[in-house]
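The values are calculated or read from the model by the stated rules, or taken from the named source; none is laboratory data. In this text, all values refer to a predicted model and were calculated from it rather than measured experimentally. Heads up, the Cβs are rebuilt from the backbone with ideal geometry, glycines too, and the neighbour counts pull from every protein chain shown. Only protein heavy atoms, including side chains, enter the accessible area calculation; ligands, DNA and RNA are left aside. Shrake-Rupley method; radii C 1.70, N 1.55, O 1.52, S 1.80 Å.
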Amino acid sequence: MNKIKTTAGITWAFLGLILMIILFPGLSGFSKSFGTLPFMKINPRYSGGEVAFTQSAGACTLAVHKPVFNGLVRDRNTGFVQVDWRGKIPDQIRDTIDYDNDNVPDFVIAVDTKKPASDCCPLSGRVTGLGISSRTSFGWAARINLRKTP
Amino acid sequence: MDNSSIAVSPKKTFGKALLYTLPMFLVTFMFITGGKPDFSDPARTVAILVTFFGMNLLYFLMHYSGKTDRYRAIIFVIFALTLSFTLIRNMILIRNSMSFSQADILECKIPFCHLVIPMMILPAALTKSIIFPGTILGGFADIASMVVLWLAATVVLGRGFCSWGCFYGGWDDGFSRLRKKPLVKKISDSWKWMPFAVLLLVALTAALTMIPTYCNWICPFKAVTEFEKVTNVESAVKAGVFISLFGGLVVALPVVTRKRTQCSFLCPMGAISTLSNRITPFTMKIDTNACTQCFKCVDSCPMFALTREGIKEGTVSMFCSKCGKCMDSCSRNAIHFGIRGVPAGTRKNFSRNLFLFVSFLFMAVFSSQPIVFTLNSLYNLIF
């Protein structure tokens, strides 16, 4: 029995040695495979969620993301919708957004990219105000706070 | 008492130690240079050569002198210092500041570290997503690479990760060595269960709030890496907590107790690594035939893993981080690296050689990038 335990232990230790030797040369491949696992994606609360639709105005593209209400097991009552302006953004931005595409405007967002200053005017009971608004490497991004039911 | 086991000393002759270093020499050369050494940049060449020869010299000395922790700690502390230097320098180059901005969060550009892992497990299982504003693949410190590295190290080394792989551990390990004797000797070792409470707390709060709460509110190492820009009361309180915990648990307490108090009393990652010690192939063993029960090992253990009762029974607790400090303090080589399933007191040198190769290889390659980067930067600064 002791001999079996010893052999099993030493085999396990050598497997560890092999794993360590292949770990660094194979790290890129292992990481790529690991990165494709179903749970390896950034939660929409951080990524901003999928882009719902885009609108182009000259060299600037407006991207409106899907609203994010994600909770641990079910949706929360509060969330946000992310709006990005990509490309060559103007000094003054003023857009009326209908994020849920029901043909009723939900809020007006104004950004002075020079100052910088941002303001959000809710037009719907579901919009509660401006969350984050910041210059980014791709242009400008803002998150508007929402509640699920007005 | 069987004195024959004392004869099995980890010390080696010069030639034998050199022979044992040769495989490490070749493997680290391949891994550190990427197999294609490029010596066109003198600063980088000097940095790589100093790192490479320095590490192999320390590995040689581990074999030649038979001491483990003495030389491990040198790289471990340098790793912690250079990683912080690398992170801070990168952030200052990119952002002009040590703090991250709203834009970094919006663009998911926050570097990922293994301390987030305890908080991402529950949300990953339930929401199939990661609650961290980082990048999955590519970029600096991406999530997939860090998780793979930690996973492999934890399966093979168990809590050995805390002494051979964690790029924060070197901070309190370093401070715990500043005094020759501890000012505070009596600390209840029941505090070592605290990381499990922290683990439970941060795992649950992170799952409920979908925010990595440990990173946001507790992590002492924010003080030497990056933190949220202080813009309001909340961010000021957070910065205060980070700095206080760093000053208390990473600097002051290790200095006065000679113990790694942050790793032992707070780190939730340490709690997970502690559990993983149950499955790893490498363990610490006590040769009760050689042990004189002087308990020097108990006093020297920085992680509260050894107790007098445990030594008498010949057992090492799962809190052991395999740093080797107890071995260095034992003149009879009674406490030694072992392999699971192999009886204590047997194959001592074989087990030590195998463990050292595996753990040192991980530490050498993992730490080489920040060390090379720091040396490169210092070279450019001086010349």
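Residue B:335 meets the conditions (1) surrounded by fewer than 24 Cβ atoms within 10 Å (Cβ to Cβ); (2) touching a helix residue (DSSP H, G or I) at 6+ places or on another chain (Cβ under 8 Å) in every case but one. The failed one is (1). Per the conditions (1) free of Cβ contacts under 8 Å to residues at least 60 places away in the same chain; (2) of a type in the set (D, E, K, R); (3) within 14 Å of chain A (Cβ to nearest Cβ), the sole criterion not satisfied by residue B:238 is (3). Selection of the range A:29-39 for residues being closer than 24 Å to residue B:357 by Cβ and surrounded by fewer than 14 Cβ atoms within 10 Å (Cβ to Cβ) yields only A:29. Within the range B:155-172, being hydrophobic (A, V, I, L, M, F, W, C), assigned to a helix (DSSP H, G or I) and touching a Phe, Trp or Tyr at 6+ places or on another chain (Cβ under 8 Å) holds for B:156, B:157, B:161, B:164, B:171.
Residue B:353 - would you say it is out of contact with any strand residue (DSSP E or B) (no Cβ under 7 Å at 6 or more places or on another chain) and either of a type in the set (Gly, Ala, Ser) or modelled with pLDDT of 95 or more (or both)? The answer is yes for residue B:353. Checked against (1) part of a loop (DSSP other than H, G, I, E, B); (2) closer than 19 Å to residue B:11 by Cβ, residue B:351 passes all but condition (1).
To keep it simple, each residue is scored yes or no on (1) surrounded by fewer than 17 Cβ atoms within 10 Å (Cβ to Cβ); (2) at pLDDT 95 or above; (3) facing another protein chain (nearest Cβ under 10 Å); (4) in contact with a Phe, Trp or Tyr (Cβ under 7 Å, 6 or more places away or on another chain).
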residue	(1), (2), (3), (4)
B:92	yes, no, no, no
B:103	no, no, yes, no
B:112	no, no, no, yes
B:127	no, no, yes, no
B:144	no, yes, yes, yes
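In the range A:28-49, of all residues being more than 15 Å from residue B:121 (Cα to Cα) and of a type in the set (S, T, N, Q), the one that is nearest to the other protein chains (Cβ to nearest Cβ) corresponds to A:31. The helices (runs of 4 or more DSSP H) found entirely in the range A:1-89 that carry 2 or more residues being hydrophobic (A, V, I, L, M, F, W, C) are A:2-23, A:27-35.
Rundown of residues vs (1) open to solvent by less than 60 Å² (accessible area, probe 1.4 Å); (2) under 19 Å from residue A:51 (Cα atoms); (3) more than 15 Å from the chain's Cα centre (by Cα), yes/no style:
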site: A:74; (1), (2), (3): no, no, yes
site: A:79; (1), (2), (3): yes, yes, no
site: A:99; (1), (2), (3): yes, yes, yes
site: A:110; (1), (2), (3): yes, no, yes
site: A:121; (1), (2), (3): no, no, yes
site: A:133; (1), (2), (3): yes, yes, no
site: A:138; (1), (2), (3): yes, yes, no
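For the range A:47-62, indicate whether the set of residues that are at pLDDT 95 or above, open to solvent by 60 Å² or more (accessible area, probe 1.4 Å) and touching a Gly at 6+ places or on another chain (Cβ under 7 Å) is non-empty. No, every residue in the range A:47-62 fails to be at pLDDT 95 or above, open to solvent by 60 Å² or more (accessible area, probe 1.4 Å) and touching a Gly at 6+ places or on another chain (Cβ under 7 Å).
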